[in-house]
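Right, one structure below, let's go through it.
Bear in mind these aren't lab numbers, they're just calculated from the coordinates by the rules spelled out. Model, not experiment: these values are computed from the prediction. With ideal geometry, Cβ positions are generated from the backbone for all residues, glycine too; neighbour counts draw on all protein chains shown.
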There are 2 protein chains.
Amino acid sequence: MRQIKHPPIEQVELTDIMYALSDPARLEIVGLLAKEGRQMTCGELELNRPKSSMSHHFKILRSAGLVETIIDGKEHLNSLRLAEIEQKFPGVLNAVLKAIASP
Amino acid sequence: MRQIKHPPIEQVELTDIMYALSDPARLEIVGLLAKEGRQMTCGELELNRPKSSMSHHFKILRSAGLVETIIDGKEHLNSLRLAEIEQKFPGVLNAVLKAIASP
DNA sequence: TCTATAGTTCCAATATATTCGAACTATAGA
DNA sequence: TCTATAGTTCGAATATATTGGAACTATAGA
């Protein structure tokens with residue numbers, strides 16, 4: 001298996017981003033990635049859900065263009081595409097991150 | 001028929017807002033309401049869709065807390081709850097509006 | 001080469017959304 | 001009181017999402 005494909009930023013749609021962020025589990029993943037500000041494996045995220053469900057949510061985050069996943073050995077390292085998204089849709093993701101950071 | 005019920009701002013959830021904004025038709029409605037900056041009837045919005053579909057989308061926008069609808073005679077006047085949403089989730093809606101305003 | 005680990009894919013079950021015609025409600029105005 | 005208008009609700013068809021178990025792929029390390 002090679003590296004995973006991600007949509008180039010020009011193809012990223014706002015509606016897909018909104019949709020990806022409309023699920024609590026995915027919002028939590030995005031929040032954790034932002035809070036840590038580093039690459040994290042799926043396992044590290046520790047939402048108590050089956051692997052296949054997590055995989056499904058990551059797929060949606062990836063296809064929306066929010067998350068980039070790099071394969072490194074047997075781990076998949078996930079990170080937020082924050083800079084790119086901010087450049088294309090200024091303020092959107094940062095405002096969402098701020099909203100979920102404060103309880 | 002009386003006035004329509006809307007969720008108080010304290011009950012408005014970010015996930016519901018994200019979901020409501022994930023549909024192109026609803027995003028268009030929200031964009032038009034913001035651009036005009038005034039109350040508009042459903043009919044005025046002129047997306048070429050059947051009434052029942054429009055009604056469905058407005059229901060979702062209302063229940064997400066994005067749109068307020070006031071009944072005035074036989075018309076329903078819709079407006080964005082921009083100030084309230086901005087206060088609760090600063091920057092989110094404004095950033096989305098900016099993103100859809102510039103093609 | 002064997003085994004454990006990380007994650008994906010496949011599948012089916014269930015749930016939720018979307019669409020739109022038809023029937024309905026409420027009001028304004030003749 | 002009748003009619004036209006604005007919008008909602010109902011109902012059924014279709015589409016899309018979510019969930020999670022089981023099988024699979026790929027790699028690291030013994």
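Between beta-carbons, use under 11 Å as the cut-off and find the net charge around B:LYS88, counting Lys and Arg +1, Asp and Glu -1.
Within the 11 Å Cβ shell, the charges total -3.
Can you tell me how much longer the chain between B:ALA83 and B:GLN11 gets when fully stretched, taken as 0.36 nm per residue apart minus their C-alpha distance, in nm with one decimal?
Working: separation 72, 0.36 × 72 = 25.92 nm, distance 1.54 nm.
Gain on extension, B:ALA83 to B:GLN11, equals 24.4 nm.
Taking a point 7 Å out from Cα toward Cβ as the label site, list the nm distances between A:GLU28 and the same residue in every other copy, smallest first.
Output for A:GLU28: 3.6 nm, nearest copy listed first.
Taking N as the number of residues in the stretch B:1-48, what is its alpha-carbon radius of gyration divided by 2.2 N^0.38 Å?
1.32
How shielded is A:14-23 by partner chains, expressed as the average number of their Cβ atoms within 10 Å of its Cβ atoms? List each step's numbers first, then the result.
Numbers: counts 7, 7, 1, 5, 10, 5, 2, 8, 11, 3.
Neighbouring Cβ atoms belonging to other protein chains average 6 per residue here.
Hey, any idea what the orientation-averaged projected area of the convex hull of the stretch B:9-101's Cα atoms comes to, in nm²?
So the mean shadow area of the Cα hull is 5.7 nm².
Between A:SER102 and A:ALA25, how high is the FRET efficiency from 1/(1 + (r/R0)^6) when r is the Cβ-Cβ distance and R₀ = 22 Å? Nearest 0.05.
0.65
With the label 7 angstrom out along Cα to Cβ, how close does B:LEU47 come to the same site in each of the other copies, in nm, nearest first?
Counterpart label points of B:LEU47 in the remaining copies fall at 2.7 nm.
Compute the label-point distances linking B:LYS59 to its equivalents in the other copies; points lie 7 Å from Cα along Cα→Cβ; give nm, one decimal, shortest first.
3.0
What would the Debye equation give as log₁₀ I(q)/I(0) for the protein assembly as shown at q = 0.08, 0.09, 0.13, 0.17 Å⁻¹, counting only Cα atoms as equal point scatterers?
The computed values of log10 I(q)/I(0) come out as -0.31, -0.38, -0.74, -1.13.
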